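Everything on this sheet refers to the single structure shown next.
The values are calculated or read from the model by the stated rules, or taken from the named source; none is laboratory data. This structure is a prediction, so every number in the text was calculated from the model and none was measured. Heads up, the Cβs are rebuilt from the backbone with ideal geometry, glycines too, and the neighbour counts pull from every protein chain shown.
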Amino acid sequence: MAAGVVLVRRAKSGVQVCLVHRPRQDDWSLPKGKADPGELMPATARREALEETGSDVVLGAPLEQQRYKVDGRPKTVDYWVAHVRPGGPGFAPNREVDRLEWMSVQKARARLTYPRDRQLVLGAIASSPTAPFIVLRHTEAVKRADFKGSNDSRRPLTSKGRSQARALVDPISAFGAMRIHSSDSRRCMQTVEPLAQAEKCEVSEEPRFSEESFSKRPKVALRRLSSLAATPTPLVLCTHRPVLPSVLGGLAAEFGLRAKAAVLKPDLNPGGFVVLHRELDARHRLTGRVVAIERFDEL
């Protein structure tokens, strides 16, 4: 399993694509690499882009998954369109990648060694800009029967849950989620705390999406959901297992996603999340369309 990016930017001359040269293979390819143990693919894609290009990136919509054999062994590579964001150290030649070049789409397709990479470039150029809406289930919490307090909203995460919360930082940060919203229950707030620290942003408490408040006033919560869905900013919403069916169902209705029912199933594991890639127009306004949905459920 591996992951990579088609890294694009706009220049005065038009759209440019970043290619890397690998001396060992003597080929020109797209930034990519193998996943570390336990690493989710978005985190792999961002890490490998940083290691090979020296640029930190934010992932956009997913591209076509590539499957092929290397030395007779099957290889699967997940790709995303990506853009540079501030923070990378800059490119430095190394044993794995000794050259990097930004070039036009036409020149990039001519330079790339593998036909599959040329197709990915076309897919990236054709893709729309997007803003992710990430629905997150809180990580593992102390069981209700083991909690000694009288107020269930104060029930905390377990040590495993805290570890899961830290593990969520890299894969969610890869999508550039800069606004974080969460049920005000302690277990949800603890889940997004490491992410908020990494992104250097505050968490907006959303009492409507706690188990207790949602069960009493679901219509009020769904109106708030509609308001969040209309915000053209990358965001995360952390909530609870009993609330997920209504939240995901509400988003399906909001964006006309009934045909995507399978990927929007609410049976997420603790720490699982769904990414809805909402399309933006040229003026960075939401078009009301979701161009892709991803599901990550194995921390």
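Structure values in brief
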quantity: Residue count for region 126-152, restricted to those that are more than 19 Å from the chain's Cα centre (by Cα) and closer than 29 Å to residue 263 by Cα; calculated: 6
quantity: Filter result for the condition that a residue is free of Cβ contacts under 8 Å to residues at least 12 places away in the same chain and either surrounded by 11 or more Cβ atoms within 10 Å (Cβ to Cβ) or under 28 Å from residue 169 (Cβ atoms) (or both), over 37, 23; calculated: 37
quantity: Evaluation of residue 213 against (1) of a type in the set (S, T, N, Q); (2) touching a helix residue (DSSP H, G or I) at 6+ places or on another chain (Cβ under 6 Å); (3) surrounded by fewer than 21 Cβ atoms within 10 Å (Cβ to Cβ); (4) in contact (Cβ under 8 Å) with a residue 40 or more places away in the chain (one fails), failing number; calculated: (4)
quantity: Strands (runs of 3 or more DSSP E) completely within region 49-131 that count 2 or more residues being surrounded by fewer than 17 Cβ atoms within 10 Å (Cβ to Cβ); calculated: 66-70, 73-85, 99-104
quantity: Members of region 1-16 found to be assigned to a strand (DSSP E or B), farther than 21 Å from residue 282 by Cβ, out of contact with any Asp or Glu (no Cβ under 7 Å at 6 or more places or on another chain) and not β-branched (Val, Ile, Thr), listed by number; calculated: 2
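Let's see how each residue does on (1) in contact with a strand residue (DSSP E or B) (Cβ under 7 Å, 6 or more places away or on another chain); (2) β-branched (Val, Ile, Thr); (3) not assigned by TED's automatic domain parsing to the domain that holds residue 79:
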site: 8; (1), (2), (3): yes, yes, no
site: 11; (1), (2), (3): no, no, no
site: 16; (1), (2), (3): yes, no, no
site: 20; (1), (2), (3): yes, yes, no
site: 23; (1), (2), (3): no, no, no
site: 32; (1), (2), (3): yes, no, no
site: 38; (1), (2), (3): no, no, no
